[in-house]
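Beneath this line is the structure, given in structure tokens, with notes to follow.
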Amino acid sequence: MPLASIMLTVGIAMLQGARHEHMHALLKAAESINIEINIRELRKSSDVDGIDAIILPGGESTAMKIASRSEDLFSGIWNKIRAAQIPVLGTCAGAILLSQQGLIETPIVRNAFGRQKESFQSAIKIDIGSKGQFPGVFIRAPRFTEGSKYPIAWLEKEVVGVLEGKILALTFHPELTEDYRFHAWLLEQAMQSD
Ligand code: GLN
């Protein structure tokens, strides 16, 4: 039996990219911390009303911007994040958009690993509450160009994840692994803000 009487609603931007993998990871994370959640598929700007947390998946940031135009989803999302300060998990293209919007101050460069290393997997170190290793999956990943004042994940010495306020931006794809700690982090943050 789930513990929670609070039912969290987590929005996922449904424009393009790895959306269903995030849904699966969220459900697994909810199970691991014994809470029930609603997942809301965000397709138009009014869909953000009442959400407690948001996921911006990876994919192609340019394709996402184009797909967002018809229903103006992104304006709704950026306004919601600015106004309500809900916790955010942005992965890869999601991290690019957060930086381009100035929602995180760490600068980022797209497709920055070069051809040979375009996509790869490597163990990384993370520190989100507890420290440990994490399976890093990098797909045409961006890079934080100037490091960051707020690092929470490292590939060797390079910063690959930052936490600025309640916004977690990762250049890798936790939703493509079976390690649900980042998704659990998002849910725990949302519960604390309730
Ligand atoms: N290369 C993509 C972009 O520039 C990001 C890659 C990803 O999300 N896996 O938007």
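Quick rundown of the values:
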quantity	calculated
Test result for F172, within 18 Å of I108 (Cβ to Cβ), within 14 Å of the ligand (Cβ to nearest atom) and in a loop (DSSP other than H, G, I, E, B)	yes
Pairs, first without any contact (Cβ under 8 Å) to a residue 24 or more places away in the chain and within 17 Å of L97 (Cβ to Cβ) in the range 140-153, second within 16 Å of the ligand (Cβ to nearest atom) and of a type in the set (D, E), C-beta under 9 Å, six or more apart	none
Residue in the range 17-29 that is farthest from L186 (Cα to Cα), counting only those that are touching a residue at least 60 places away in the same chain (Cβ under 8 Å) and within 16 Å of the ligand (Cβ to nearest atom)	G17
Odd one out for Q101 among (1) in contact with a helix residue (DSSP H, G or I) (Cβ under 7 Å, 6 or more places away or on another chain); (2) crowded, with 16+ Cβ neighbours inside 10 Å; (3) of a type in the set (S, T, N, Q)	(2)
Tally, over the range 47-60, of residues that are more than 23 Å from Y180 (Cβ to Cβ) and modelled with pLDDT of 95 or more	4
Residues being within 15 Å of the ligand (Cβ to nearest atom), basic (K, R) and in a strand (DSSP E or B) - total across the range 120-150	1
Scope the range 151-160; condition out of contact with any Ser or Thr (no Cβ under 7 Å at 6 or more places or on another chain) and either under 14 Å from T106 (Cα atoms) or in a loop (DSSP other than H, G, I, E, B) (or both); matching residues	P151, I152, A153, E156, K157, E158
Within the range 30-63, tally of residues that are within 15 Å of L8 (Cα to Cα), free of Cβ contacts under 8 Å to residues at least 40 places away in the same chain and either within 16 Å of the ligand (Cβ to nearest atom) or touching a Ser or Thr at 6+ places or on another chain (Cβ under 6 Å) (or both)	2
So A153, is it surrounded by fewer than 13 Cβ atoms within 10 Å (Cβ to Cβ), away from the ligand (no atom under 13 Å from the Cβ) and within 22 Å of H183 (Cα to Cα)	no
Number of the condition not met by M14 [criteria: (1) surrounded by 16 or more Cβ atoms within 10 Å (Cβ to Cβ); (2) more than 16 Å from the ligand (Cβ to nearest atom)]	(2)
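The values are calculated or read from the model by the stated rules, or taken from the named source; none is laboratory data. This one's a predicted model, so the numbers in the text were calculated from it and none came from an experiment. Methodologically, a virtual Cβ is constructed for each residue, glycine included, from the backbone with ideal geometry; neighbour enumeration extends over all protein chains shown.
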